[in-house]
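Visitor: Handing you a structure now.
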Amino acid sequence: VTSLGAVFKGQSIIRTFNELYYFTGLTDISDDAFNGCTLMTSLRLPKTLNIIGKRSFKGCIRLTTLSLPTGVNAIGAEAFSGCKALKDIVLPSEIKAIEAGTFFNCQQLQDIELPISVLSIGDSALAGCTKLTQLTLRTFSPQAISLGVNVFKRRVLFRSMCSKAAIPMQLHCQ
């Protein structure tokens, strides 16, 4: 199996899917693959994964934590949109962009670290993350990061990257 398609989309009976880890031929999580799996709390992704498709986990409202394999280099728009319980996600060092709406309305997300490879943050990427208090950018050149519209949707207003951020958000550039 190299791709899942949308066979699991809307399957509200799935609570965990740790067996996915053993799908060693899987290189991408297709668009909408787990979209609307409202009872899923956890899953374990295979090391062979490279791409997380658009809306892959959208609406997985009980998903609390997810560790992306180091080989993941692309995350589609709205991939984790509406994952209201998502508290923790580890982004691999190869990610180039945080697409539009990627973490939209992830209400429990408290902090996120963007790797040095990130060059752009899309429209409303972190909007609705009401508990987000810390954003760490691993970059030598924060001004080179392209910001979309309403990245935080009034949650935080940047005057300039890494110089001033509106309270209560802390922005760290390292």
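Visitor: Would you mind giving the three semi-axes, in whole Å and largest first, of the ellipsoid equivalent to the range 54-96 according to its Cα gyration tensor?
Guide: So the three semi-axes of the range 54-96 are 18, 12, 6 Å.
Visitor: Accessible area per residue for the chain in Å², computed with a 1.4 Å probe and the full protein assembly in place, what is it?
Guide: Solvent-accessible surface per residue comes out at 49 Å².
Visitor: Show me the ranking of peptides 73-86, 102-115 by mean Cβ neighbours inside 10 Å, starting with the highest.
Guide: Averaged packing, sorted descending, gives the order 73-86, 102-115.
Visitor: Then there is this: I'd like the accessible area for Phe57, computed on protein heavy atoms only with a 1.4 Å probe and all protein chains in place. Round to 10 Å², please.
Guide: 0 Å²
Visitor: A further question follows. Pulled fully out, how much extra length does the chain show between Arg15 and Thr48, if you take 0.36 nm times their separation in residues and subtract their Cα-Cα distance?
Guide: 9.6 nm
Visitor: Quote the FRET efficiency, to the nearest 0.05, computed for Phe140 versus Asp88 with a Förster distance R0 of 30 Å and r equal to the Cβ-Cβ distance.
Guide: For R0 = 30 Å, the calculated efficiency reads 0.70.
Visitor: In terms of modelled amide H atoms, which long-range or inter-chain residues lie less than 5 Å from the amide H of Leu114?
Guide: Long-range HN contacts for Leu114: Thr136, Leu137, Arg138.
Visitor: So, with +1 on the Cβ of K and R and -1 on the Cβ of D and E, and no other charges, what is the size of the charge dipole of the range 1-153 about its Cα centre, to the nearest 20 debye?
Guide: Value, rounded to 20: 320 debye.
Visitor: What spacing in nm lies between the two simple spin-label points modelled at Thr38 and Tyr22, each 7 Å away from Cα in the Cβ direction?
Guide: It is 3.1 nm.
Visitor: How many percent of the accessible area of the chain is carbon or sulfur, using a 1.4 Å probe?
Guide: 51 percent
Visitor: Also: Over all Cα pairs of the range 21-124, how is the pair count split among 5 Å bins, expressed in % and running from 0 up to the last occupied bin?
Guide: For the range 21-124, the pair-distance distribution reads 3, 14, 24, 30, 20, 7, 1.
Visitor: For the range 21-142, calculate the relative contact order in percent as a whole number, restricting contacts to Cα pairs under 8 Å that are 6 or more residues apart.
Guide: 19 percent
Visitor: Which of the following values of Cα extents along the principal axes in Å was calculated from the structure shown: (i) 106, 35, 31; (ii) 38, 35, 28; (iii) 46, 26, 21?
Guide: Checked against the structure: label (iii).
The values are calculated or read from the model by the stated rules, or taken from the named source; none is laboratory data. None of the values given here were measured: they were computed from a predicted structure. No Cβ is skipped: glycine too gets one built from the backbone with ideal geometry, and neighbour counts run over all protein chains shown. Each accessible area value is taken on the protein alone, full model and side chains, heavy atoms only, with ligands, DNA and RNA left out. Shrake-Rupley method; radii C 1.70, N 1.55, O 1.52, S 1.80 Å.
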